[in-house]
């Protein structure tokens, strides 16, 4: 579904993404990393919003630079910001996307997407009256209305309460079960460990480690979690300055 | 190019649902016409209202078109631009949708001004001239709304856009032929006014009010709008975030 080969992107002297190699199949794939690691830049390149400095990537066999329009017809992108029109109703928001994607049977597809996201009851209300969780689900309904093959989600559960996050994950799992490939970024490692089929940890633009959460956790020892895998592979500015985080963590465990 | 209409429809519905914005945008230009047209003491004409009406019409289109760039800024800041750019519909349709919305909104304001001007005694024109006034104002708006939308695409915050907007709009208006005819202007202002694109639209509209057909003005405005739309199309096609 997604083939990334030696993909790089620099901004002036800063190498944001450095020779990235990755293959993603029909799965829920999580790209994890600290702030500024290159997660969003990678997603921007894959969604054709940013041109790579070098390297290639293909989505559903189409090149992201040479065949960008075909790529865009196969994907949907839900950014971090909750970009839904507050002065339009939920239905109008989804209908706009159905029209822009040129879907023939717009109304039935819109109803289907709203129902899938459990928003049918409130579809006629202005979005300004929706909760954060409902707005996020509305964004998913917009993204699903043209039945994409690959769905890119940038921090899909950011700023949501526990029940809102659980609901979003249930929907993401359902989409995967329907055959959709999900490529997402998140800072919530517990969620990634529980719901992603595979994750990659990226730091300073390079993939530090990639695999299933279970295998990655097992690889570093007993009684560990994806948080430990993350800390093992990502060097914070403090650690780079000589701070021994392992010793500090062991100290905390003893207490 | 159905996407153009969908983007236009989105902006129009959102604008119409903001009642305060709608009322203020329709009342403000009318207030300008009444207070400037009736209150300013002038010696070069005995009917200043008739002289100033074309200036107020073009000024309204100018301010409305330049303000329109903030629509793009908000789409960018709030994350809509990313979502729209990641869709398969032609990216330039976003630009055309904005130009269409900004121009239609400006023409609605112009209609209010024309109605009030007629009520205050400005001569009623024949239908051909009214259509040509709308065409002149539309071409002028296409020029400046394409420019403002392009500027909005490159700036990242609303404050910067407001600064650019003020820097462009006020000098353009005050160095145009809106407030006084060329023969009473000082020489330096006359030179600037002759070069100013705002004067092209005002002179053309004024000629239409006087019963003439401004062929040269309409051609110039068509060429100007065409160039600006072509530049905008190029910018939007290669747009990234």
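The values are calculated or read from the model by the stated rules, or taken from the named source; none is laboratory data. Since the structure is predicted, the reported quantities are computational estimates derived from the model, not experimental observations. Neighbour counts are summed over all protein chains in view; Cβ atoms, including those assigned to glycine, are modelled from backbone coordinates with ideal geometry.
Give me a count of the residues in the stretch B:1-25 that are surrounded by 16 or more Cβ atoms within 10 Å (Cβ to Cβ) and away from chain A (no Cβ under 14 Å).
So the answer is 1.
Give me the residue from the stretch A:78-105 that is under 24 Å from residue B:1 (Cα atoms) and over 24 Å from the mean Cα position of the chain (by Cα) and, out of that set, farthest from the other protein chains (Cβ to nearest Cβ). I'd like the intermediate steps shown before the answer.
In the first step, residues of the stretch A:78-105 are kept if they are under 24 Å from residue B:1 (Cα atoms); the result is A:83-85, A:88, A:91-105.
Retained after the next criterion (residues that are over 24 Å from the mean Cα position of the chain (by Cα)): A:88, A:91-92, A:99, A:102-105.
Details: A:88: 7, A:91: 12, A:92: 7, A:99: 5, A:102: 7, A:103: 11, A:104: 13, A:105: 16 Å.
Per the stated criteria, the residue is A:105.
Residues to consider are B:106, B:121, B:97, B:152; find the one that is on the phi > 0 side of the Ramachandran plot and either in a helix (DSSP H, G or I) or at pLDDT below 90 (or both).
Going through B:106, B:121, B:97, B:152 in turn, just one is on the phi > 0 side of the Ramachandran plot and either in a helix (DSSP H, G or I) or at pLDDT below 90 (or both): B:121.
Which of the following residues is farther than 17 Å from residue B:210 by Cβ and in contact with a strand residue (DSSP E or B) (Cβ under 8 Å, 6 or more places away or on another chain): B:98, B:83? Write out each step before concluding.
Details: B:98 fails: in contact with a strand residue (DSSP E or B) (Cβ under 8 Å, 6 or more places away or on another chain).
Of the residues listed, the single one that is farther than 17 Å from residue B:210 by Cβ and in contact with a strand residue (DSSP E or B) (Cβ under 8 Å, 6 or more places away or on another chain) is B:83.
Taking the conditions exactly as written (modelled with pLDDT of 95 or more and surrounded by fewer than 22 Cβ atoms within 10 Å (Cβ to Cβ)), does residue A:63 satisfy them or not?
Judged against the criteria, residue A:63 is a match.
Condition test on residue B:137, is it surrounded by 17 or more Cβ atoms within 10 Å (Cβ to Cβ), over 14 Å from the mean Cα position of the chain (by Cα) and at pLDDT 90 or above? Show your work before the answer.
On the way: surrounded by 17 or more Cβ atoms within 10 Å (Cβ to Cβ): yes; over 14 Å from the mean Cα position of the chain (by Cα): no; at pLDDT 90 or above: yes.
So residue B:137 fails the test.
Restricting attention to the stretch B:85-112, which residues are under 17 Å from residue A:79 (Cβ atoms) and touching a residue at least 60 places away in the same chain (Cβ under 8 Å)?
Hits for the stretch B:85-112 are B:85, B:91, B:94.
Could you check the stretch A:2-60 and list, in sequence order, the residues that are surrounded by fewer than 22 Cβ atoms within 10 Å (Cβ to Cβ) and at positive phi?
A:6, A:12, A:19, A:36, A:55, A:60
Out of (1) touching a residue at least 24 places away in the same chain (Cβ under 8 Å); (2) surrounded by 19 or more Cβ atoms within 10 Å (Cβ to Cβ); (3) over 30 Å from residue A:64 (Cα atoms), the odd one out for residue B:232 is which?
Here residue B:232 clears every test but (3).
Take the conditions surrounded by fewer than 20 Cβ atoms within 10 Å (Cβ to Cβ) and part of a loop (DSSP other than H, G, I, E, B) and apply them to residue A:223. Does it pass?
So residue A:223 fits the description; yes.
Against the definition (touching a helix residue (DSSP H, G or I) at 6+ places or on another chain (Cβ under 9 Å) and not in a helix (DSSP H, G or I)), how does residue B:239 come out, yes or no?
Yes: the conditions hold for residue B:239.
Suppose we keep only residues that are touching a residue at least 24 places away in the same chain (Cβ under 8 Å) and surrounded by fewer than 19 Cβ atoms within 10 Å (Cβ to Cβ) within the stretch A:177-187. Which one would you say is nearest to residue A:59 (Cα to Cα)?
A:179
Evaluate the following for residue B:186: is it over 16 Å from residue B:57 (Cα atoms) and touching a residue at least 24 places away in the same chain (Cβ under 8 Å)?
no
Only one of A:124, A:102 is free of Cβ contacts under 8 Å to residues at least 24 places away in the same chain and assigned to a loop (DSSP other than H, G, I, E, B). Can you tell me which? Step through it out loud before you land on a result.
Details: A:124 fails: free of Cβ contacts under 8 Å to residues at least 24 places away in the same chain.
Only one candidate qualifies: A:102.
Each row is one residue, and each column tells you yes or no for (1) assigned to a strand (DSSP E or B); (2) out of contact with any helix residue (DSSP H, G or I) (no Cβ under 8 Å at 6 or more places or on another chain).
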residue: A:51; (1), (2): no, no
residue: A:55; (1), (2): yes, yes
residue: A:65; (1), (2): no, yes
residue: A:72; (1), (2): no, yes
residue: A:91; (1), (2): no, no
residue: A:128; (1), (2): no, yes
residue: A:135; (1), (2): no, no
residue: A:142; (1), (2): no, no
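One line per residue, one yes/no per condition, for (1) at pLDDT 90 or above; (2) closer than 15 Å to residue B:173 by Cα; (3) assigned to a loop (DSSP other than H, G, I, E, B):
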{"site": "B:189", "(1), (2), (3)": "yes, yes, no"}
{"site": "B:193", "(1), (2), (3)": "yes, yes, no"}
{"site": "B:200", "(1), (2), (3)": "yes, yes, no"}
{"site": "B:203", "(1), (2), (3)": "yes, yes, no"}
{"site": "B:208", "(1), (2), (3)": "yes, no, no"}
{"site": "B:211", "(1), (2), (3)": "no, no, yes"}
{"site": "B:216", "(1), (2), (3)": "yes, no, no"}
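If you take the residues of the stretch A:124-147 that are surrounded by fewer than 21 Cβ atoms within 10 Å (Cβ to Cβ) and either modelled with pLDDT under 90 or in contact with a strand residue (DSSP E or B) (Cβ under 9 Å, 6 or more places away or on another chain) (or both), which of them is nearest to residue B:13 (Cα to Cα)?
Across the stretch A:124-147, the extreme among qualifying residues is A:126.
Could you please give the count of residues in the stretch A:41-67 that are touching a strand residue (DSSP E or B) at 6+ places or on another chain (Cβ under 8 Å), within 14 Å of chain B (Cβ to nearest Cβ) and over 20 Å from residue B:153 (Cα atoms)?
The total comes to 9.
How many of the residues in the stretch B:65-79 are surrounded by fewer than 21 Cβ atoms within 10 Å (Cβ to Cβ) and assigned to a loop (DSSP other than H, G, I, E, B)?
Final tally of qualifying residues: 2.
Conditions (1) within 14 Å of chain A (Cβ to nearest Cβ); (2) within 9 Å of the chain's Cα centre (by Cα); (3) crowded, with 20+ Cβ neighbours inside 10 Å, marked per residue:
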{"residue": "B:45", "(1), (2), (3)": "no, no, no"}
{"residue": "B:48", "(1), (2), (3)": "no, no, no"}
{"residue": "B:56", "(1), (2), (3)": "no, no, yes"}
{"residue": "B:63", "(1), (2), (3)": "no, yes, yes"}
{"residue": "B:81", "(1), (2), (3)": "yes, no, yes"}
{"residue": "B:87", "(1), (2), (3)": "yes, no, yes"}
